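Below: one structure, written as structure tokens.
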Ligand code: S3P
């Protein structure tokens, strides 16, 4: 396999880039479009491996989905709430936790059976967190290792509403319960102590569902009607994060990134960078398909350490690997706490990032629920040849290493780069276009 090698950058970055469509919203657009009545049009769909897993599964469940321009836009012929059909085969979610967990909710309420599986990374991730509340709703859902892991088997059942307090701040669990709640008898109430991304609430509302939201409670009633919509998916702020980070660690850099999602449940990384000293202007803010979208302009400046914890963690959960790289370039000791959830992502992102940082000669302390990172005040990363890179199946770890390589003392062949298309299909091509990678 061809290696993806990133070169240390000798000059400032001054450019404009566009980032891929948002992954979380792309998944939801296909799922919700499939159970709405009528033809949903989706423009700027993310044709990454993860979202294509969701799309293919909805097709297996009998939904007609046409794609144009190599999946850049889709039309989904929604079947309405009660007309999905049994798949002839196992449903393979690949590497995608969002596909598996959201579909557990949807499929628990159907009158047919389904079996969900995934790749080695997904089979190792916790699924008890969705199996437990869905079982309380009356679902006949079971999984390997005492109902904690996939493959997952779902038998036909009739659901009833519940009141459920989330024990972890997870939008995937919340969304699974909400999707099941659409079909349940009576009201389903979800109590969320810490706010997680709210795309399911926003999209279901856009499709005409009635969802009551008060303080930290979400209530969804039964007998909802979903009507097809035309959606345009904004740029993914979690993908933009890698280039915002690159600009913040390479002196004198400037970058313009238009049309990025700025939903406040997703802007934790931008806020953290600002707190560290980066200058980020958010302009031209608009509401598109129920989501806030804006242009971002970043200018590099000196970075100082910060502490990130508590209710801020869900707002930047996917950006923590790249935040670690920025923290390692700041002055002083940065701390991440209350982020134990990172251990259950595509890889254990706490121990994987600790290993990455050690390999880059950064002083790091691995905590049960986070990391302490001693920043180098802008000194280049020094690759330690006595240590190994971590073995992983994780797109965000690979992209974090690629960005760190821009500020390293030697070129780095990015380990695990084959996972990058999971969320950012043209990352490698973009790095080449920006003269950041070696051919
Ligand atoms: C996602 C929710 C988050 C996030 C994941 C996408 C979603 O996971 O890490 O990449 O689309 O709902 P959790 O719900 O497990 O926190």
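The values are calculated or read from the model by the stated rules, or taken from the named source; none is laboratory data. All figures in this text were calculated on a predicted structure; none of them were measured in a lab. Cβ coordinates were reconstructed from backbone atoms using ideal geometry, including for glycine residues, and neighbour counts include every protein chain displayed.
Which one of these does residue 101 not meet: (1) within 16 Å of residue 190 (Cβ to Cβ); (2) in contact with a strand residue (DSSP E or B) (Cβ under 6 Å, 6 or more places away or on another chain)?
Among (1) within 16 Å of residue 190 (Cβ to Cβ); (2) in contact with a strand residue (DSSP E or B) (Cβ under 6 Å, 6 or more places away or on another chain), the lone unmet condition for residue 101 is (2).
Let me confirm something: among 379, 366, which residue is part of a strand (DSSP E or B), more than 16 Å from the ligand (Cβ to nearest atom) and more than 30 Å from residue 262 (Cβ to Cβ)?
366
Restricting attention to the stretch 182-197, report how many residues are within 16 Å of the ligand (Cβ to nearest atom) and within 25 Å of residue 110 (Cβ to Cβ).
Of the residues in that region, 1 qualify.
Could you identify the single residue in 130, 153 that is closer than 28 Å to residue 198 by Cβ and either in a strand (DSSP E or B) or within 16 Å of the ligand (Cβ to nearest atom) (or both)?
None of the others qualify; the one that does is 130.
Residue 306: free of Cβ contacts under 8 Å to residues at least 24 places away in the same chain and in the same structural domain as residue 394 (by TED's automatic domain parsing), yes or no?
When the stated conditions are applied, residue 306 does not pass them.
Any idea which of 245, 176 is away from the ligand (no atom under 12 Å from the Cβ) and either buried (at least 24 other Cβ atoms within 10 Å of the Cβ) or under 18 Å from residue 43 (Cα atoms) (or both)?
245
Could you list, in sequence order, all residues of the stretch 133-150 that are within 16 Å of the ligand (Cβ to nearest atom) and in a helix (DSSP H, G or I)?
Within the stretch 133-150, 133, 134 qualify.
So for the stretch 332-355 (the condition being within 15 Å of the chain's Cα centre (by Cα), in a helix (DSSP H, G or I), more than 12 Å from the ligand (Cβ to nearest atom) and closer than 26 Å to residue 262 by Cα), does at least one residue qualify?
The answer is no, given that none of the residues of the stretch 332-355 is within 15 Å of the chain's Cα centre (by Cα), in a helix (DSSP H, G or I), more than 12 Å from the ligand (Cβ to nearest atom) and closer than 26 Å to residue 262 by Cα.
Which ones in the stretch 220-251 are out of contact with any helix residue (DSSP H, G or I) (no Cβ under 9 Å at 6 or more places or on another chain) and more than 27 Å from residue 401 (Cβ to Cβ)?
Result: 223, 225, 227, 230, 232.
So which residues in the stretch 156-180 are in contact (Cβ under 8 Å) with a residue 60 or more places away in the chain and part of a helix (DSSP H, G or I)?
Within the stretch 156-180, 171, 172, 173, 175, 176, 177, 178, 179, 180 meet the criteria.
So which of 342, 323, 261, 296 is in contact (Cβ under 8 Å) with a residue 40 or more places away in the chain and closer than 25 Å to residue 122 by Cα?
323
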